[in-house]
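Colleague: I have a structure I would like to understand better, so I am pasting it below and will then ask my questions one at a time.
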Amino acid sequence: MVTKLLIANRGEIAARIIRTCKKMNIPCVAVYSEADQNAPYVSMADEAYLLGGPKVNESYLHVEKILEIAKKANCDSIHPGYGFLSENADFARSCSRAGLTFIGPNPDIIEKMGNKVEARKLMEAAGLPLVKGLSRPLINLEDASKSAAEIGYPVMLKAAAGGGGIGMQAVWNEEDLIAAFSGNQKRAEMFFGNGDMFIEKLIEKPRHIEIQVLADQFGEAVYLWERECSIQRRNQKVVEEAPSPFLDEDTRINMGQSAVRAIKEIGYQNAGTIEFLVDEQQQFYFLEMNTRLQVEHPITEEITGLDLVELQIRVASGEKLALTQADIKREGHAIEVRIYAEDPVTFFPSPGTITSLILPENEYIRHELGVHGASIVSPFYDPMIAKMIVKGDTRNEAIDNLSSALEGYQINGIKTNIPLLLDISKHPAFREGDTTTDFIDKHLKN
């Protein structure tokens, strides 16, 4: 079993991991940048060490410094959280070479699944249905134009090494493709160091539904039901819920079983998420795999009663899964909203100092916080500062609880997206479960 763990991350996810470590009596070490020295998670940890300056390449992406601190603090493992180095295969390999257990899958799997073209090939071989498209990078604009015509417009242009919606754009005709190709290729190169692009047929009005999976080193694997993440802004998730209000039980089970077969086929270990696009006929198609803990993992925990971070640590420590598929029950309905420090109208980031923070409190509310009432929200990091999770016996009850909780959530000193979240929670289309990926554009844009 892990004896001392370093958390190579910041904010609410660092605080979340620390809570489980304390529950498991595992001493934990935090690392922080100069901008985060007063962040709540720093004081929560048993030990905390300064990484460097506020820029990510000076701190949370500084592999050598992170490993140096882990050695200095006598850690035997590292949890990467999500973002930053969590899906960096070279970092996982560096941890192994340093004698540290990486709380995640094998580096080779991280590398293969991190490239969307390679992931398509792997998952097609593992039997998952794919959206019609290319399983190779595009050579140039001419190749893109020819391939798009063969697939048939509209298509989705994507960065092969991408994530977070960067380098991704819906293309409706050749004129759109010509206008989009070069800019998205440059953005992919800038953000990921890889400008490879590929295309898939665009599924119009899809649902974005993902399956949480977990596998050990002994070939055993389970799925922990699904999460619907269809309400998005610029291909970034805003509201997630579990279970999906759209799927029937047969499709839900079929998706879960398909995901388990796939991860067994590729020899996956630890927690992961297989993401699907689901059309209006409930046909599902592989989108991508995230080889890490997801931002939205708490809603799975709320409906299953399981601690995903604890399960990650136990599997990484070499333990067998203590769960069978029959053990994983589903109870109630959970919804998560992401609280961003941003203007709710322009969506521009809103860094600054929080002057007061009043949180709604109730037995059905769970908070995951990266800030407190005097925090400085830095411009150097993602503007998500907190998550709020609510639960109800039914979906309608969960929605009622969400609206009530959002009305009581007060952050002063900065702008946040809480007004947008309130609008979503009160919209009749959300209540009806009409939550396709165009929800915000369709229902909330002025």
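Colleague: If I ask for residues that are open to solvent by less than 60 Å² (accessible area, probe 1.4 Å) and in a loop (DSSP other than H, G, I, E, B), which ones from segment 100-126 would you list?
Modeller: Scanning segment 100-126 gives LEU100, ILE103, GLY104, PRO105, ASN115, ALA126.
Colleague: Looking only at residues in segment 187-219 that are on the phi > 0 side of the Ramachandran plot and touching a residue at least 40 places away in the same chain (Cβ under 8 Å), which one is most open to solvent (accessible area, probe 1.4 Å)?
Modeller: That would be LYS205.
Colleague: Of TYR60, TYR49, which residue is modelled with pLDDT of 95 or more and surrounded by 19 or more Cβ atoms within 10 Å (Cβ to Cβ)?
Modeller: Criteria check complete, one pass: TYR60.
For every residue, the table says whether it meets (1) under 16 Å from THR437 (Cβ atoms); (2) among the basic types (Lys, Arg); (3) open to solvent by 10 Å² or more (accessible area, probe 1.4 Å); (4) assigned by TED's automatic domain parsing to the domain that holds MET156.
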site: ALA259; (1), (2), (3), (4): no, no, no, no
site: ILE263; (1), (2), (3), (4): no, no, no, no
site: ASN270; (1), (2), (3), (4): no, no, no, no
site: GLU275; (1), (2), (3), (4): yes, no, no, no
site: GLU280; (1), (2), (3), (4): yes, no, yes, no
site: GLN283; (1), (2), (3), (4): yes, no, yes, no
site: GLU288; (1), (2), (3), (4): yes, no, yes, no
site: VAL295; (1), (2), (3), (4): no, no, yes, no
site: PRO298; (1), (2), (3), (4): no, no, no, no
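Colleague: Return a yes/no flag: does segment 74-81 have any residue that is outside the structural domain of PHE191 (by TED's automatic domain parsing) and without any contact (Cβ under 8 Å) to a residue 40 or more places away in the chain.
Modeller: no
Colleague: Next up: Between SER86, SER94, which is polar (S, T, N, Q), more than 26 Å from SER378 (Cβ to Cβ), open to solvent by less than 30 Å² (accessible area, probe 1.4 Å) and not assigned by TED's automatic domain parsing to the domain that holds LYS387?
Modeller: Just a single option satisfies the conditions, and that option is SER94.
Colleague: For ARG261, which of the numbered conditions (1) closer than 29 Å to ALA398 by Cα; (2) part of a helix (DSSP H, G or I); (3) among the basic types (Lys, Arg) fails to hold?
Modeller: With (1) closer than 29 Å to ALA398 by Cα; (2) part of a helix (DSSP H, G or I); (3) among the basic types (Lys, Arg) applied to ARG261, the lone miss is (1).
Colleague: Now a separate question. Within segment 220-240, track down each residue that is in a loop (DSSP other than H, G, I, E, B) and either open to solvent by less than 10 Å² (accessible area, probe 1.4 Å) or modelled with pLDDT of 95 or more (or both).
Modeller: Answer for segment 220-240, where residues must be in a loop (DSSP other than H, G, I, E, B) and either open to solvent by less than 10 Å² (accessible area, probe 1.4 Å) or modelled with pLDDT of 95 or more (or both): just GLU220.
Colleague: Continuing with the same structure: In segment 33-47, which residues are of a type in the set (Ser, Thr, Tyr) and touching a residue at least 60 places away in the same chain (Cβ under 8 Å)?
Modeller: Within segment 33-47, SER33, TYR41 meet the criteria.
Colleague: For segment 275-333, enumerate the residues that are assigned to a strand (DSSP E or B) and under 25 Å from ASN106 (Cα atoms).
Modeller: GLU275, PHE276, TYR285, PHE286, LEU287, GLU288, MET289, ASN290 - these are the residues of segment 275-333 that are assigned to a strand (DSSP E or B) and under 25 Å from ASN106 (Cα atoms).
Colleague: ALA179: open to solvent by 60 Å² or more (accessible area, probe 1.4 Å) and modelled with pLDDT of 90 or more, yes or no?
Modeller: Here the answer is yes, as ALA179 does meet what is asked.
Colleague: I'm trying to understand the selection: among the residues of segment 209-245, which are farther than 30 Å from ASP343 by Cβ and among the hydrophobic types (A, V, I, L, M, F, W, C)?
Modeller: ILE211, VAL213, LEU214, ALA215, PHE218, ALA221, VAL222, LEU224, TRP225, listed by residue number.
Colleague: Any residue in segment 250-278 that is over 20 Å from HIS297 (Cβ atoms) sitting within a Cβ distance under 6 Å of a residue that is part of a helix (DSSP H, G or I) and open to solvent by 40 Å² or more (accessible area, probe 1.4 Å)? List the pairs, counting only those 6 or more apart or interchain.
Modeller: ILE266/LEU122
Colleague: Among the helices (runs of 4 or more DSSP H) contained in segment 347-444, which hold 3 or more residues that are open to solvent by 20 Å² or more (accessible area, probe 1.4 Å)?
Modeller: It comes to 395-407, 418-426, 439-443.
The values are calculated or read from the model by the stated rules, or taken from the named source; none is laboratory data. Predicted model, so just to flag it, every value in this text is computed and none were measured. Cβ sites come from the backbone with ideal geometry, for glycine too, and all protein chains shown count toward neighbours. Surface areas here come from the heavy atoms of the whole protein model, side chains and all, with no ligands, DNA or RNA. Shrake-Rupley method; radii C 1.70, N 1.55, O 1.52, S 1.80 Å.
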